[in-house]
């Protein structure tokens, strides 16, 4: 039983190492982290409700998770072969495309969350 607990917590250590690696080495992950912090700050300022927070957190975690899967795939493919191969290129491009789709829809979700509140804020300040 004790060994199971140790392995359980080692799993968390490995996961944190992966997150740390991604943030430390991947330029786009750094961009996602900064954008996430700005999104959280704007959401705090606008006073979004609990459901909106849930949507925001799911959206932000989806972008970062997708970026980490992309990094894992690219790293694995580079380990398999550094030579240019059309199938490796397709796999990397599709993975990067998945991140792009997730990021674009994250922006759209952010606009859905914030624009109505910003409109109310600015129209109220004009009165």
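What follows draws every value from the coordinates through simple rules; no lab data is involved. It should be emphasised that the depicted structure is a prediction, and the values quoted were computed from it without experimental measurement. Neighbour counts are summed over all protein chains in view; Cβ atoms, including those assigned to glycine, are modelled from backbone coordinates with ideal geometry.
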If R0 = 22 Å, then residue 89 and residue 69, at their Cβ-Cβ distance, give a FRET efficiency to the nearest 0.05 of 0.80
Quick note on 83, 67, ordering by fewest other C-beta atoms within 10 Å, gives 83, 67
The simple spin-label model distance between residue 40 and residue 20, using points 7 Å out along Cα→Cβ, in nm, is 1.9
Length gained, residue 82-residue 117, 0.36 nm per residue minus C-alpha separation, equals 7.7 nm
The alpha-carbon center of segment 59-83 and that of segment 1-55 are separated, in whole Å, by 16
What helix-only [θ] at 222 nm does the chain give? Using -39500 (n - 2.57) per DSSP H run of at least 4, over all residues, to the nearest 500, the answer is -33000 deg cm²/dmol
Per the Cα gyration tensor, the chain corresponds to an equivalent ellipsoid with semi-axes, largest first in Å, of 35, 22, 11
